[in-house]
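The values are calculated or read from the model by the stated rules, or taken from the named source; none is laboratory data. Note that the structure is predicted; figures quoted are calculated from it, not measured. Cβ placement follows ideal geometry from the backbone for every residue including glycine, while neighbour counts extend to all protein chains displayed. Ligands, DNA and RNA are excluded from the accessible area calculation, which covers all protein heavy atoms including side chains. Shrake-Rupley method; radii C 1.70, N 1.55, O 1.52, S 1.80 Å.
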Amino acid sequence: MIEVDKLSRHFPGPNQQPVMAVNDVSFRVERGEVFGLLGPNGAGKTTTLRMMLGLLRPSSGDSRIDNVSVAAYPDEIKRRVGFVSTSVGVYQWLSPREMLLFVADLYDIDPKLAQQRIADLSRLLDFESYLDRRCGVLSTGQKQRINLARALIHDPPVMLLDEPTRGLDIVGSQVVFEYIQHLRTEGKAVIICTHRLDEAERFAGRFGLLHEGTLKHLGTLKELQQQTGETLLTTMFINLLKSDSAVGAQS
């Protein structure tokens with residue numbers, strides 16, 4: 001369903017030296033699977049997602065969504081992917097219903113079908129009580145529920161979630177967890193990017209550990225434990241950071 005094949009991206013750096021943001025990253029995600037692309041801030045997670053969405057051209061490599069090349073058909077990819085991020089805002093002067101109808105129209109969804117999907121999503125995500133309230137007066141958690149619905153309004157087969165629990169309290173984070181469980185049940189292929197490794201263990205069944213643009217480890221938690229000799233994802237990353245610090249001190 002999702003195939004990432006040797007994706008790389010570099011940016012111009014000081015003294016004309018390129019800075020490698022993502023370096024030769026490859027992995028697959030199947031239908032009904034939740035994959036955690038994990039790493040600290042600056043690891044290259046968001047850059048990887050932007051390339052997969054067709055928003056940023058890779059320096060090399062490609063990815064395929066539902067057997068469609070992102071490099072060749074970036075506009076078609078956007079119809080096949082739902083994207084959730086705390087950086088994606090809501091329209092302050094529209095109600096959730098108005099905003100979701102607007103987004104549905106962008107995807108050329110029949111108005112009657114759009115109304116039905118809004119009704120279904122408002123029940124699923126429990127925002128029926130403020131469906132017609134102006135978005136500008138909603139709380140952070142309420143706005144995130146609307147963003148979760150917006151990403152699903154066109155019923156895409158693939159979902160990409162970039163730090164979906166950032167800024168949310170325990171209740172808001174639980175809503176996101178239940179949402180991800182729903183996506184799995186619906187057979188969506190899901191990638192969640194986060195630096196909150198404790199949450200990742202709840203969300204995902206398989207992981208890619210990204211550090212300084214390179215995929216250091218790939219597999220289930222049990223496989224990563226066997227690869228690293230550590231029990232917790234947090235400890236695995238601390239060891240990676242310590243290893244890099246030791247290399248830097250020697251050079």
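Side notes on the structure shown:
- Tilt relative to the chain, helix 96-106 - C-alpha long axis, 0 to 90 degrees, to 10: 70
- Under 5 Å, built H, 5+ apart or other chain: amide partners of SER95: CYS135
- Take GLU76: with every protein chain present and a 1.4 Å probe, its accessible area is about 70 Å².
- Subtracting the Cα-Cα distance of SER87 and SER59 from 0.36 nm times their residue separation leaves 7.6 nm of extension gain.
- Inter-probe distance in nm under a simple model that places probes 7 Å from Cα toward Cβ, at SER129 and ARG28: 4.6
- Using alpha-carbon coordinates, inclination of helix 170-185 to the longest axis of the chain, degrees: 90
- Cα extents of segment 1-42 along the three principal axes, largest first (Å): 45, 21, 9
- Relative to the longest principal axis of the Cα atoms of the chain, the long axis of helix 140-152 makes an angle of roughly 90 degrees.
- Compactness of segment 1-130 as Cα Rg over 2.2 N^0.38 Å, two decimals: 1.28
- Computed on the Cα trace of segment 111-187, the radius of gyration divided by the Kirkwood hydrodynamic radius gives Rg/Rh = 0.94.
- Accessible surface of THR47, taken over heavy atoms with a 1.4 Å probe and every protein chain present, rounds to 30 Å².
- Carbon + sulfur, % of accessible area of the chain - ligands and nucleic acids excluded, 1.4 Å: 49
- Solvent-accessible area per residue in the chain equals 50 Å², computed with a 1.4 angstrom probe and all protein chains kept.
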